[in-house]
Every structure is written in C-alpha cells, then in structure tokens.
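Each value in this text was obtained by applying a stated rule to the coordinates, not by laboratory testing. What you see is a predicted model; the values in this text were computed from it and never measured. Reconstructed Cβ throughout: ideal geometry from the backbone, glycine too, with neighbour counts over all protein chains shown.
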Amino acid sequence: MVFLTVNLSFFQKPSRYINNEINAIHKEAPVKVALAFPDIYEIGMSHLGLKILYKIINDLPYASAERVFSPWTDLEAEMKAKNYLLSSLESNRPLKDFHVVGFSLQYELSYTTVLNMLHLGGIPAETEDRMDPCYPLVIAGGPCTVNPMPMSPFIDAFLIGDGEEAIHEILDTYYQWKKEGDNKKESLFNALADIDGLYVPFVHDSRFGSIHAGSQPPFFINRRIISSLDEAPYPVNPVIPYTAIVHDRINIEVSRGCPMGCRFCQAGMIYRPVRERSPEKVLELAGESLRNTGYEEVSFTSLSAGDYSCLLPLVKEFNKRFSKDTIALSLPSLRVAAINRDLLQEMRTVRKTGFTIAPEAGSDRLRKVINKDFSEEDYLQTLKVLFAEGWQNLKLYFMIGLPTETDEDIEAIPKMAMQALRTAKEFTKRFINISVGVSPFVPKAHTPFQWYGQMPVEELIRKKHFIKQALVKKKFHIKGHDVKMSLLEAAFARGDRNLSALLKTAWSHGCRLDGWSEVFEFTAWEKAMEMTGIDAKDFASKSYDQADRLPWDNIHIGVTKEYLWKEYQQALAGVISTDCRKVCHNCGLECLKKLEKGRSGESEGRTPESLNATKHSAFTFPPMNSLNRFRPVKIRAEFSKTGRLRYLSHLEIMVLLQRAIRRAGFPLEYSKGFHPTPKIAFGPPLSVGIAGLSEYFDMELLPPFDLVVNKNKLNNLLPEGVHIHAMVSIPAQSESLNSFIVRYEYDIRGGDREGVRKFLSETDIPINREKQSINIRDMVEKATFVHENTVNCMVADLGNVKVRLGELLPLVFQVPLESLDITRVALYGWNGNWVKPVGRSSMQLINTKR
Ligand code: SF4
C-alpha cells in the first residue's frame, strides 16, 4: 500500500508514483493482470509494448490490466523499512494479489530487477516455490525471451514473439483454469504449454529433460508472428504520464522487422519479416492519438524507419494535416542511405527534432563485416545535406569490439566525428553539439555473431579510452554503455540455465536496476561470482563452433541456424548481404512471395495522390490559426493543485495543463520562429509537495472563445486534483503574472511552534544568497496561529529578491521543508491596494498597505 501512505515529498520524482494519470484505466475483473516493467516509471512508460498490452487486456470483458514499475532506491529503502509491498499504480493492489504478473524482458540488465520486484511484491522468486495456487502466474515476453534459459527458474511461461494474439490465448486459458476451480498449478502449466510460442519450463523441461549447452534440444518453441499491423490493436488512448518520460511523445510503429540484416542486430533477426502499417492507418492512428493526449510530437518508430516503403509521401501528408497545429515529427536513427534533402525539408516543417546517425563502425571495411552498406563518401554527402538544412544537433553511435576489428577501425571513429564537426562548421559557420555514443559490442543469440565471444573487458576499456582521448579536447559529448555492464549483458544474452544461480546470488547481495550507473555495483556481482563459482566472463567471452549446440537452440525464431552461419562467414569475408526485400537471402522465413504480393498491393495504395485522397475524418483540430481574422485575446485562468497532484513540479503542472488545453482544442496563439510554442505563461512556481488553492496562468487565444463553456470543457479533461476555478479576459497589455505577484499567503502545518515565535521576535536574520546579504526576517510580514498546528503566513519578495521557501521556512519552522504540510492559499500583487490577479477577488481590498 506504499503509494497511498508515504509522504512522497521525501523521494526523488514523486510524480512517478501518483497514479490517476489521464487515460489510466481503473477496472475490476475476474482475471487481474499486473503488467510489470522491471525498471522505473520513466523507462517502462516509454515502452510501446506495455501500452499495447494494457489496451488489449483492458478491452477483454473478463480481464483487467494495471501497471507496476520498480521503485527507485530511495522509496525501496522506505518500503523495506516499513514492510510495504510493491503495488500497482491503478488500484494500489500488492503484486502478490494479482492473478497474472507479466514481465517485459527488454534487456538483460533488468533481470535482477525482476527478482527484486517479485520479492518486494510478496512473491517467491522461483516457480518451484510458487506452486501453491495462491501465487500469481508469472509470465514474460520481450526480446530477451529468445534465450530464456538464464531466467527459466524464475518465470512460469515465456512468450516468444509477438504478443497481440497470444495474450488472448494465455488469459483465456488462465480464466478457464480458474473457472474450473482445478487449483493445481501443474494443470495450468500443462494447458499453457499447448499454446504456440509459449515455453513453460516446468512442463517442457520435465517432459523432455532440461536444456543445457551441449545437449540435443528435445523440443522446439516457434516464435509467434502476427501477419498484419493494420489489423493489430493500437493504443490510441495511451496513459499520459505526469512526469517527463524517455519517449515523451506519440509513438506510431510504422513497421515491424527490418530487411537490412545488420549482423550484430538481434532485433533485425528476431522481428523478421518486415510488416508495414499502411500510411492511411498510420495517419489515422496519429490523429486519434494526438486528439486523445494533447502531445505536440509524433515519432514514426521502426527498426529502420528510412526503409518504410513510402516514407516521404507519408511525411508530406503528415505535415499537411498536422503542421498547422505545430505537431512536430521525429524519426528514430536513419540509415545513411535513407537520408535525403526532400525528407529533411519535410521533417523541419514544424521544428527540428534531434538527428541521429548510427554508423556503428568507423571504417568501410568493418562496416562491410557488420553489413552496414555505406561508404565514407555517402557519409560525407549525408552530413552536407543535414547541415545545409540547418540541423545543429547530431548524435553518432558506434560500437567497439566488433568481430575482426583492428586499431585502424577504432582510429577511424574519431575521424568520422571530426568529419561531422568540420562539415557542420562549413555549413553552419559554428561549432554544433555533437554527441558520440561508444558502446561495447554485445554478441546476442539468434544473430550471425552468436558464435563470437565478446572481447575482454581490458581491451574494450583501452579502445574506449583511445576514442575519448581523441575527442575530448574537441568538446564532443562522449556517451555510451559501461564496459562492465556490457560484460554482464553479454553473459546473460548467450548464457544457459547455470547463470540463474549467479543472478539470484547477485540480487541477494543488493543488485537491481543494473542498467543505472548510479546503482550498478560490479563489486557485488564479483562477490556473487566468487560465491557461486560462476564467472560471467566465461559466458561473455565464450566462442562457439558451428557444430556446437547453443543454449537457445530450442527456440525457433524462424531464421535458421544455417542462414546465420552463412552470414557469419560472409561477415568474416567482408561481403555485404543486400536489403532482403530486393534479394531474398533465404533466411528461413520463406516470406518473399508474400512480400512481393504485398508490395504490388502497396504500390497502388501508397502514392502521395492516394494519401491525399484519404478522408481526414478521424482528426479535427480547431481551424488553422493563420486563417483567423481576429487579434488574439489574453485570458487569465485561476486554478488549484491539491491532493496527490501537489507532488507535481511546476514544469509537470505546466505540461499537464498545456496538454489538456490542446485536448480541449483551444485556439492557441503560437510564438513565431523556428520553434513555435503556445503563448501560455504561468505565475510563480509552486514546489513539489506544496498544494496551491489559487494559482494562475495567462494564455493568448484566437476569438471567438466562450469563457464559461471552455472552462467547463477544460475541467472535464483535467485529472482529479487540478481544477480551473475562473477564466477571465484581461487587457492585452496586462503586466505578466511573474512581475505582478510579489506577495504570497500560505497555510503551514507542522514544525516547531516555539521556533516560529522565536523567528518572529527577531528583527534581523541575515543570510547570504549568491554573494548578497539579505535580512530574511523582512520577508515574513506576519505569521498567525489559526489552528493548534497551523500557521497562516504572509511572505513577500524584497524588491527583486524573490522568496525561496526552501531557504525561508526551515529557518521559521526549524524543520526540513519536506516535513511541512504547505498550502499556498493566495497570491497578491500591488495595484494601489493588495489584490489577487483574477476575478471578483481582484477588487478585494487586503488590509495591508504596501
Ligand atoms: S525469407 Fe527472404 S525476404 Fe523474408 S525475411 Fe528472410 S531473407 Fe528476408
């Protein structure tokens, strides 16, 4: 029950734990599913798969889905100290009280967090300790399940492949088992093992004997593949987070799978074949999602968005429909060959989002090994186009430790970065921001490099150090994964069941959130290796021969081992394999005919003309601002921030209100220039944890605008805890809220009563602020005990010196700010008298003269 009872002011980013976000679903159903993401809120909420499953499950009549994320370390410590159980956001239900707990395994470094979340949620870590039906069924999906072996003792059933259809079968089976009242986990597991794409270790391993490297795989699990993205359910009503998440925008998956066959890329192999969403559907989903969320940016996500078969017409049509509402478009990293002037010109229509190029290797030779088909000349040409079109932010991604890599290949990386800097200078006449990501190569299961052992840590450190030294003086931002994290990633990516003992021991020594450098402790892992005698380095660096059985051989992803070996040999020979939509390389999926059929169908339906002909019925924003003949009007709104939403920061409340205003369709006026922003200005900020009864913002809108109707409309779109009390028209020349408001009234509970009296009895309490001496006593005009433990406090700025509560209140109340229960009840400005900024109260005379 942690999220309801804890004073979140004491924890980092309380808005992670608030619940009740817009579009969150609160539903009771016979089968309760916890969608557990083994990382913190900002990461999990960015994951599209979680949003898709949240929709699919909540659409089922007999099931409900709720979200559970890992707490950050500060809240986790509190939970352990107070014996609080990890609970879902929606119902605050402890994890152990769900029927099904589904983990998303996106990266190997999240494995310890899975064990930690189970433990914090009151669930034993291993299947064999969960055979009592009182414990939930624990399932997992995501790319890591293509080698499920290291996690197999902890997960009851792994879903391999696409989840859209299989999740129905899993939950139907669970519901049936529950209704029959069988009460034996064994029968549930047996029924689940009959579902295609499900690996149920308890059943498969006992039926056939457990799987170890070297043994013959006695059974195979085939990956689930959905055939059509257009028919797949899509979350057009995603939960809108209060806090900024990693991908804080609408993400439309334009295609799944990638035809380019990069030999290091697991996603490129395990999501084959390429399936595209039709442009009409993409635009329809984008429109609906924008209307339901109020976001200002859409990203077309894909493993290779540049290879979407009609990207340019799609982007053009997108801009035609949405640029008037200042909706920006971003694309994930593009292949060098996919970047062209026309595309860049379209992408900059609203505002330029950042740009990412992933050359991955520094030399032409090594790029042929990994199957990245572009030359130095192509790269230079791309840079020229990019900077000529005005981009001033660039990210470059490289890997080190690739098969056949030499020092010359490493030396070529800084050269490529310098090339970008020089080209940028030539075209923009300035030094631009270039961030260079350098991460160790991690060999993954089901790729052509699955036989190749990772380079020793010392060698990776030496190479990374060389690149850093070469670039650091030129003011590049050097980023990339930690070498020791990559070692663990490599060990678990290609490890077998034996690694589970190391995992459990590392977790019991405090390892979790291993992908976070501020939490990651390699010494704890080393201790676990010593205790178990299992060395992660042995697994990470292990090279296999062609004839060797691999721990993941029983998982069939559709791409054959023969194809992968052939590609490995092509890599060693430095031979490129081209885009498989042009030439099929017979990877095993046998989809060429189907693809050709699809492409011929696409050519009719995917021209710019046909896109233009599409009905735009799904999306109706208000009329274009530029067509409006009236001058903008200025509206002032008074609102409150109370209850759990007092934990929102000033920035978070601004974003929340701006998105609600966009959902309400207010005809906002925008600033001009390269980065148009809505003309909305907020009053003095209110810190995290402090409630506000009369807060204000001003906005410029194009008339006609009905104040009463729109106030009600906006209130209907706001979450509980934020409410608009008044909306009034104010003169265009009105003084800004931030310069008008200089006096603040608070009700404050807690603290030391005697301390307050002592503070008030003083006349001089000097403090230093930024080399300036201030008599902070002068900021407190009055402090009156209105209730046994509540002080009504009137504070004011001293000229240009603003009140800072974090500085002032601990001196007045003799306790840390977070310990106080603070409500800002009113704000005042001087207008001949002290007046509030809005409405009838603005006429109200306050008895103190300035
Ligand atoms: S079967 Fe051919 S076209 Fe299909 S994914 Fe494999 S290589 Fe590509």
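Quote the charge dipole size of the chain about the Cα centre in Debye, to the nearest 20; the model charges only the Cβ of Lys and Arg (+1) and of Asp and Glu (-1).
About 2760 debye.
Only four residue types carry charge here, +1 at the Cβ of Lys and Arg and -1 at the Cβ of Asp and Glu. Report the dipole size of the range 265-391 about the Cα centre in Debye, rounded to the nearest 20.
60 debye
HN-Hα J couplings of the range 147-163 from phi, Karplus 6.51/-1.76/1.60, θ = phi - 60°, integer Hz, Gly and Pro as x?
In residue order, the calculated couplings are 10, x, 4, x, 9, 5, x, 9, 10, 6, 8, 9, 9, 9, x, 5, x Hz.
Where does the chain land on Rg(C-alpha)/(2.2 N^0.38 Å)?
1.03
Quick check: the angle from helix 311-322's long axis to the longest principal axis of the chain, C-alpha only, nearest 10 degrees?
Approximately 20 degrees, to the nearest 10.
Tell me, what is the percent relative contact order of the chain, built from C-alpha pairs under 8 Å that lie six or more residues apart?
11 percent
Show that you can apply the helix-only estimate: for the chain, add -39,500 (n - 2.57) for every DSSP H stretch of four or more residues, divide by all residues, and state [θ] at 222 nm to the nearest 500.
Computed mean residue ellipticity for the chain: -10000 deg cm²/dmol.
Take peptides 329-336, 398-405 and line them up by average Cβ neighbours within 10 Å, highest first, as a rough protection proxy.
398-405, 329-336
Taking Cβ-Cβ under 4.7 Å as the only way to count a partner, pick out the unpartnered cysteines of the chain.
Cys134, Cys144, Cys258, Cys310, Cys511, Cys580, Cys584, Cys587, Cys591, Cys793
In degrees, nearest 10, range 0 to 90: what is the angle between the Cα axis of helix 483-493 and the longest Cα principal axis of the chain?
The angle comes out at about 50 degrees.
Can you list residues from other chains, or at least 5 along the same chain, whose modelled amide H is less than 5 Å from the amide H of Val688?
His650
Once both axes come from the Cα atoms, what is the angle between helix 166-180 and the longest principal axis of the chain, in degrees from 0 to 90, rounded to 10?
Its long axis makes an angle of about 80 degrees.
How high is the relative contact order of the range 22-181, in percent, counting Cα pairs under 8 Å that sit 6 or more residues apart?
It rounds to 23 percent for the range 22-181.
I want to check the label-to-label distance for Ala77 and Asp538. Put each point 7 Å from Cα in the C-beta direction and report it in nm to one decimal.
3.6 nm
I need the peptides 779-789, 128-138, 686-696, 507-517 ranked by packing, meaning the mean over residues of other C-beta atoms within 10 angstrom, with the highest value on top.
Taking the mean over residues of other Cβ atoms within 10 Å, the ranking is 686-696, 507-517, 128-138, 779-789.
Could you calculate the contour length gain from Glu720 to His675, that is, 0.36 nm times the residue separation minus the distance between their Cα atoms, to one decimal place in nm?
Additional length available on full extension: 13.0 nm.
Give a residue-ordered list of calculated ³J(HN,Hα) values for the range 272-284 (Karplus: 6.51 cos²θ - 1.76 cosθ + 1.60, θ = phi - 60°; whole Hz; x for Gly, Pro).
With coefficients 6.51, -1.76 and 1.60, one gets 5, x, 5, 10, 9, 8, 5, x, 4, 5, 4, 5, 5 Hz.
Per-residue counts of other Cβ atoms within 10 Å, averaged by peptide: what ranking do you get for 707-716, 825-834, highest first?
825-834, 707-716
Can you find, among Val803, Gln772, Ala783, the residue farthest towards the positive end of the dipole of the range 769-809? Put +1 on the C-beta of Lys and Arg, -1 on that of Asp and Glu.
Of Val803, Gln772, Ala783, it is Gln772.
Between Ala388 and Ser227, what is the spin-label point distance in nm, taking each point 7 Å from the Cα along the Cα→C-beta axis?
Between Ala388 and Ser227, the simple spin-label model gives 4.5 nm.
For the range 822-837, take each phi angle, set θ = phi - 60°, evaluate the Karplus expression 6.51 cos²θ - 1.76 cosθ + 1.60, and give the result in whole Hz per residue in order, putting x for glycine and proline.
The phi angles translate into 10, 10, 7, 8, 7, 10, 9, x, 9, 9, x, 9, 7, 10, 7, x Hz.
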